[in-house]
Amino acid sequence: MKTTIRIINKINESMMWVVGAIVLIMGILLTYSVVMRYFFNNPPVWSFDLTGWFTGIAAFLGGGYALLYGAHVRVDIFYEKFPLKIQSVINIFSSIFVFLIVIVFIWKGMEQVINNYQTGAIASTGLSIYLWIKWVMMPIGGILLGLQAIANLIKDIYRIIKGEELIERKEIA
């Protein structure tokens, strides 16, 4: 059990590096686009598409990482004052909503991927790339978020039953 949770944590931690690289590339592309637009009056037609797609990729791939480190939105002013077991009960209750979001990401994302793949839909602006490539990040992000939610749920149930941590909790520095 601990090994599985550690593997899930490592997968989502590795996404931080992937997202970081994507954001770096996105920054370079935006800088290039601005320079080309304002100094040479010749903006690349593909930069808007690519940076928009990279934003979506970063958001979906970073969801599990944010959940691992507790970086999603909650009212910390109250939450932090509760005992650890009560925090775990709140986490378990909120997991229901996370799993609903995960189901929608995977279900609707795969629906869109399959539809775009079957129709051969291609982006109509600038970067003529198959749209299913863009949409595949939604179910992948849902899977990453879902795996981390399962790992967190197991840790919270363990903390309620045993009164101790199964694995050390992660915090963003």
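Rg/Rh for the stretch 107-159 (Cα atoms only, Rh after Kirkwood) is 1.26. One quarter of the surface of the convex hull around the alpha-carbon atoms of the stretch 1-72 equals 5.3 nm², the direction-averaged projected area. Ranking 63, 123, 38 by Cα position along the charge dipole of the stretch 1-140, where only Lys, Arg, Asp and Glu carry charges on their C-beta atoms, puts 63 farthest toward the positive end. Tally Lys and Arg at +1 and Asp and Glu at -1 over the other residues with C-beta under 12 Å from the C-beta of residue 117: what net charge comes out? Result for the local shell: 0. Derived from the Cα gyration tensor, the three semi-axes of the equivalent ellipsoid of the chain are 37, 19, 13 Å, largest first. Each helix, a run of at least 4 DSSP H residues, gives -39500 (n - 2.57); summed and divided by the residues of the chain, these come to -26500 deg cm²/dmol at 222 nm.
Per residue, the average separation of C-alpha pairs within less than 8 Å and at least 6 apart gives the chain a relative contact order of 31 percent.
Sparsely packed loop sites in the stretch 13-109 (the trypsin sites (Lys or Arg not before Pro) outside DSSP H, G, I, E and B with at most 12 other Cβ atoms within 10 Å) comprise 81. Relative protection proxy for 137-144, 6-13, 41-48, from highest mean packing down: 137-144, 6-13, 41-48 (other beta-carbon atoms within 10 angstrom). Computed from the C-beta positions of residue 101 and residue 130, the FRET efficiency with R₀ = 41 Å rounds to 0.95. In this structure, the residue pairs whose Cα-Cα separation is over 24 Å, taken from 2/162; 2/134; 81/155; 10/155, are 2/134.
Bear in mind these aren't lab numbers, they're just calculated from the coordinates by the rules spelled out. Bear in mind the structure is a predicted one, so any value in this text is a computation, not a measurement. All Cβ positions, glycine included, derive from the backbone under ideal geometry; neighbour counts span all protein chains shown.
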